[in-house]
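Accompanying notes for the structure given below.
The values are calculated or read from the model by the stated rules, or taken from the named source; none is laboratory data. Being a predicted model, the structure only gives us computed values, none of them experimental. Cβ placement follows ideal geometry from the backbone for every residue including glycine, while neighbour counts extend to all protein chains displayed. Only protein heavy atoms, including side chains, enter the accessible area calculation; ligands, DNA and RNA are left aside. Shrake-Rupley method; radii C 1.70, N 1.55, O 1.52, S 1.80 Å.
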Amino acid sequence: MKLGIVGLPNVGKSTLFNAITKAGALIANYPFATIDPNVGLVNVPDQRLEVLSEMSSSKKIVPAVVEFYDIAGLVKGASKGEGLGNKFLSNIRETEAIVEVLRCFDDANVTHVDGSVDPLRDIETINLELIFSDLELVDKVLEKRKKVARSDKSVRSEVELLERIKEVLEEGKSARILDLNEEENKMLRAYQLLSTKPIIYVCNVNEEDAANDGKNNPYVEKVREFAKSEGAEVSVVSAKIEQEISEIEDEEERAEFLAMIGLEESGTDKVIKDSYKTLNLMSFLTTGEMETRAWTITNGTKAVDAAGKIHSDISRGFIKAEIVSYDDLVGSGSIHKAQEKGLLRQEGKDYIMQDGDVVNFKFNV
């Protein structure tokens, strides 16, 4: 899973990236301090792995991983080459979702590229640049596909779809608001339109507002209201606090620090959870003496396709899946006891996987 962290210059983007990945990206109080995207791998927090590992006496734990890209700050006119222009836009194309960081705090010591704090204006600036870039691409593609459609009827549905998208873009709206079916999404995949990518809005707030989830912050409320129109998730974090949390190595000390400032979980964990929700992802689990591991799949994935995540041979030679839910397994104390209680099920290829399924695939190649 690749997520691009974007935002206007000086909104706390690189500070948040540092906190999430501990990668030490350059932080500076001037535009375009980030030119090439910094990349960091982050483990997806999942306490279930520790429990299963202890139960199975596993030699190692392998969590699911998210890849974060810290992309250069965008400015008005990027689609026409302003700032870092097309370099910024091409970097976004490589990601599966956009994490848009918005400054939602006042601080006279931190400059804002537009002179004042206004997260809705920032959203409009970024979204319009993505829309303008998409509109330029759609116009070019439409011209070519219309010519092909004259002699090839199979292309006409694609032309109709592109015309629908063009109409939405010309209204200044993101293409992600369209309710597209699976076939239409498949058609669009090759074009990697920027405004179709799912988005998570991250409100960067001060320490006090982070503790109450931004409930008394007028900037955050405006962002939440806007996000409803797109069905987007909103995470409230303090990049400064996240930086402090990331520097605490001991898990117990970290938990104590979170409790002291009134947080149940870190903002980083919130962003990752919202990313999973936005991309319609979940995890199934495997556990044994060698390792306990989380595997990321899309909701609705069949057992035979989940098996292919581990290895193509397991999918090709699929016989059955032995499955017990995490809660049932932990409640029973062991696989053997879960089996005695009738909680270990035999499922076939078409079984729809559930989050927290603990699986042992049986196959023969």
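With no solvent and one equal point scatterer placed on each C-alpha of the stretch 204-248, evaluate the Debye formula and give log10 I(q)/I(0) for q = 0.19 Å⁻¹, two decimals. Treating every Cα as an identical point scatterer, log10 I(q)/I(0) equals -0.60. In this simple spin-label model, placing a label point 7 Å from the Cα along the Cα-to-Cβ direction at both E54 and K22 gives a separation of 2.2 nm.
Legend: Rg and Dmax of the chain, from Cα coordinates, 22.9, 68 Å.
Of the accessible area of the stretch 300-363, computed with a 1.4 Å probe over protein heavy atoms only, carbon and sulfur atoms account for 47 percent. Helices of the chain meeting both criteria, an alpha-carbon length of 24 angstrom or more along the long axis and an average Kyte-Doolittle score not below -0.5, with helices taken as full DSSP H segments, are 119-149. With respect to the cross-link table entries K59/K309; K2/K140; K13/K240, which display a Cα-Cα separation exceeding 18 Å? Long pairs (Cα-Cα over 18 Å): K59/K309; K2/K140. Ordering of 97-109, 349-361 by packing is 97-109, 349-361, highest average first (other Cβ atoms within 10 Å, averaged per residue). Secondary structure note: in the chain, about 50% of the DSSP beta bridges are antiparallel. A Förster distance of 30 Å, applied to the separation of the beta-carbon atoms of R189 and E253, puts the FRET efficiency at 0.10.
Surface composition of the stretch 133-190: carbon and sulfur atoms hold 44% of the protein heavy-atom accessible area at a 1.4 Å probe. When the pairs K166/K186; K173/K197; K144/K197; K166/K273 are compared against a 21 Å limit on Cα-Cα distance, K144/K197; K166/K273 fall above it. The gain in end-to-end length when the E96 to E264 segment is fully stretched comes to 57.7 nm, 0.36 nm per residue minus the alpha carbon separation. The residues of the stretch 300-363 expose on average 54 square angstrom of accessible surface per residue, using a 1.4 Å probe on protein heavy atoms. Computed from point charges on the beta carbon alone (+1 for Lys and Arg, -1 for Asp and Glu), the dipole magnitude for the stretch 300-363 about its Cα centre is near 220 Debye.
The S334 and D355 beta-carbon pair, evaluated with R₀ = 22 Å, returns a calculated FRET efficiency of approximately 0.55. The residues of the stretch 133-190 have, on average, 67 Å² of accessible surface per residue, using a 1.4 Å probe with all protein chains present.
Protection proxy ranking of 165-178, 143-156, by the mean of other Cβ atoms within 10 Å over each peptide's residues and highest first, is 165-178, 143-156. Each peptide in 135-141, 119-125 gets a packing score, the mean of other Cβ atoms within 10 Å over its residues, and the list from highest to lowest is 119-125, 135-141. Toward the positive end of the charge dipole of the stretch 232-360, with +1 on the Cβ of Lys and Arg and -1 on the Cβ of Asp and Glu, the farthest Cα among A338, L281, T301 is that of T301. Compared with the direct C-alpha span, the chain from K273 to I177 gains 32.4 nm at full extension, assuming 0.36 nm per residue. Calculated [222 nm] ellipticity per residue, helices only, for the chain: -12500 deg cm²/dmol; basis is -39500 (n - 2.57) per DSSP H run with n ≥ 4, divided by all residues, nearest 500. In this structure the amide hydrogen of N38, modeled in the peptide plane, comes within under 5 Å of the amide hydrogens of D70, none closer than 5 places in sequence on its chain. Bridging of K320 to aspartates and glutamates at a Cα separation below 15 Å is possible for D305, E347, D350, D357, once same-chain residues fewer than 8 apart are set aside.
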